[in-house]
Amino acid sequence: MGGHCHPLKEYVMSAALPEVSGSFGQKPTLTFPDAPASGELEVLVLSRGDGALVEAGDDLEVHYLGQSWQGGIFDNSYDRGSSISFPIGVGAVIAGWDEALVGQQVGSRVLVSIPSHLGYGDRGVPQAGIKGGDTLVFVVDIVGTSN
């Protein structure tokens, strides 16, 4: 039986995810599909960097935009003109960020759809416009790490 190789199976996202315009370092624009959020953590690398791997316990520097599924933008660092830094993988941020960003590469732009149980749960963050049960979508530009 000949020596041909089977092609690697391509991973296909089962969930409908927003389309993202803009490139690394630019404020993105999200266009949402006419579909509900999946209810699971969804992570899509939009552009892969060539820097170090993000490890739990690193201080992670990012630019980001956060938007509720089919809702408004509730936060973004691009308009403020400065990135933010925080410890990753140690419970300092919402669980969806810890799960989605550990193991990514510095220089990557990542789309993350976070169901409420990995975000702000049933309480939401009313002052930020996040309702209880909201699925949150982030575009995260991983600027750097330090440890």
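Mean-square fluctuations from a GNM of the chain, with a 10 angstrom spring cutoff on Cα atoms, peak among GLY81, GLY124, GLY133 at GLY81.
What net charge do the residues around GLY107 carry, taking every other residue with its C-beta under 13 Å from that of GLY107, with Lys and Arg at +1 and Asp and Glu at -1? In short, -1. Given the DSSP H assignment, sum -39500 (n - 2.57) over each helix run of at least 4 residues in the chain and divide by its residue total; what's the result at 222 nm in deg cm²/dmol, nearest 500? It lands at -1000 deg cm²/dmol. Counted by neighbouring Cβ atoms within 10 Å, the residues LEU41, LEU65, LEU53 run from fewest to most as LEU53, LEU41, LEU65. Per-residue 3J(HN,Hα) values for the stretch 61-66, derived from phi via the Karplus relation 6.51 cos²θ - 1.76 cosθ + 1.60 with θ = phi - 60°, read 10, 9, 9, 7, 10, x Hz in sequence order (x marks Gly and Pro). Residue by residue, the stretch 138-146 carries 3J(HN,Hα) couplings of 10, 10, 10, 9, 8, 7, x, 9, 8 Hz when phi is fed to the Karplus relation 6.51 cos²θ - 1.76 cosθ + 1.60 (θ = phi - 60°); x denotes Gly or Pro. In terms of other Cβ atoms within 10 Å, ILE84, ILE94, ILE130 run from fewest to most in the order ILE84, ILE94, ILE130.
A short reminder: the numbers here are calculations on the coordinates, not readings from a lab. What you are looking at is a predicted structure, and each value in this text was computed from that prediction instead of being measured. With ideal geometry, Cβ positions are generated from the backbone for all residues, glycine too; neighbour counts draw on all protein chains shown.
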